[in-house]
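Presented below is the structure to which this report refers.
The values are calculated or read from the model by the stated rules, or taken from the named source; none is laboratory data. From a predicted model like this one, the values you see are computed outputs, not experimental measurements. Virtual Cβ from ideal backbone geometry, glycine too; neighbours counted across all protein chains shown. For the accessible areas, the whole protein counts, side chains as well, though only heavy atoms, and no ligand, DNA or RNA atoms are used. Shrake-Rupley method; radii C 1.70, N 1.55, O 1.52, S 1.80 Å.
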Amino acid sequence: LLYGTAYYGGTRCKDDNVRGCGTVFWIDPSGGLRGTYAFLGGYDGANPEGPVTLLDGTLYGTTVNGGMRCRDSRKGCGVVYTMTVSGEERVLYRFQGEPNDGSAPTGNLVDLNGTIYGTTMYGGRYNHGTIFAISASGSEHVVYSAGQPNDILSPSGLVASRGTLYGTSELGGPRSGGTVYAVSTAGSEHIVHSFSQSETLDGERPVGRLIAVDGLLYGATQYGGDKHSGYGVVYSLTTFGKLRVLYRFKGVPDGDYPTAGVSDAGPNLYGTTFQGGTGCYHYGCQGGYGTVFRMAR
């Protein structure tokens, strides 16, 4: 089965959101819907923005809102949840927000040596997000608080490679255009590559999850690729910071703005773009509805 999340939908939830507090769903490879779980809001969690991660037969995920009311949000600072493959949900941890905890977990979770790691957009010592660790029993602690001068802001996109965590931050860094960063499980952090807001040939605003293949990191930036701004790039990066642009998007009829990172399958990379393509014909539509792309590594 294939598992995914929807930010809205499901039944009307305790926050009185008529669009619903979001769902986890599972489908078979032919596209048939096999089941859903609808978040209720409140202590249950609300609005899952990241994917689910399957570990030892159990699904792990996060919701941006829900949990307990906290200093950062009246709707709650978000939760980490577990779910059986048949749809039985349990809240593993409820975030408490700044200054001692994270708030609004987003992105994916990753397992490293039996501990689960993730990121929050806000909270922490400087209220610019955290990298956190959580055990299968629900014991959580902040590994790193983002937001010092020239540092990462709102970290996301984690991947584990050779015992170290790597991720992206859409903003922050010495050149203000976002970063790829590394952090040890003990909390030692450094920036692997800093993107620029003005020199955009190498991309600007890295987004989505990184992948690690054969000692290289692969990812995408939402913008950049030419001297004026650009429609985003796909890049590879060594863990020592040497970046190579693999592709610069060109706009319609090509893709525009790859916002979800890339995935790996054999010798190829796959991904999506927010706009672009040729399937846009009605009056007033100029940017296209987006593309699915494949490219060689």
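Annotations
- Looking only at segment 1-38, and only at residues there that are assigned to a loop (DSSP other than H, G, I, E, B), free of Cβ contacts under 8 Å to residues at least 12 places away in the same chain and not polar (S, T, N, Q), the one that is surrounded by the most Cβ atoms within 10 Å (Cβ to Cβ): 12
- Selection count, segment 57-74, where residues are open to solvent by 10 Å² or more (accessible area, probe 1.4 Å) and of a type outside the set (Ser, Thr, Tyr): 9
- Pick from segment 80-100, criterion part of a loop (DSSP other than H, G, I, E, B) and open to solvent by 10 Å² or more (accessible area, probe 1.4 Å), ranking: farthest from residue 139 (Cα to Cα): 86
Each row is one residue, and each column tells you yes or no for (1) at pLDDT below 95; (2) within 15 Å of residue 230 (Cα to Cα); (3) open to solvent by 20 Å² or more (accessible area, probe 1.4 Å).
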{"site": "174", "(1), (2), (3)": "yes, no, yes"}
{"site": "177", "(1), (2), (3)": "yes, yes, no"}
{"site": "182", "(1), (2), (3)": "no, no, no"}
{"site": "196", "(1), (2), (3)": "yes, yes, no"}
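- All positions within segment 90-100 that are modelled with pLDDT of 95 or more and either charged (D, E, K, R) or within 18 Å of the chain's Cα centre (by Cα) (or both): 90, 94, 95
- Answer from 41, 31 - the residue that is at pLDDT below 90 and in contact with a Lys or Arg (Cβ under 6 Å, 6 or more places away or on another chain): 41
- Residue under evaluation residue 77, criteria (1) in a strand (DSSP E or B); (2) crowded, with 19+ Cβ neighbours inside 10 Å, criterion not met: (1)
- Among the residues making up segment 38-79, those that are over 12 Å from residue 104 (Cβ atoms) and of a type in the set (A, V, I, L, M, F, W, C) are 38, 39, 40, 52, 54, 55, 59, 68.
- Condition met for residue 103 (farther than 22 Å from residue 57 by Cα, open to solvent by less than 10 Å² (accessible area, probe 1.4 Å), over 14 Å from the mean Cα position of the chain (by Cα) and among the hydroxyl-bearing types (Ser, Thr, Tyr)): yes
- The set of residues from segment 163-208 being more than 14 Å from the chain's Cα centre (by Cα) and in contact (Cβ under 8 Å) with a residue 60 or more places away in the chain comprises 164, 185.
- Looking only at segment 260-274, and only at residues there that are surrounded by fewer than 20 Cβ atoms within 10 Å (Cβ to Cβ) and not aromatic (Phe, Trp, Tyr), the one that is nearest to the chain's Cα centre (by Cα): 260
- Matching residues in segment 18-63 - criterion: being farther than 17 Å from residue 94 by Cα, out of contact with any Asp or Glu (no Cβ under 8 Å at 6 or more places or on another chain) and aromatic (Phe, Trp, Tyr): 25, 26
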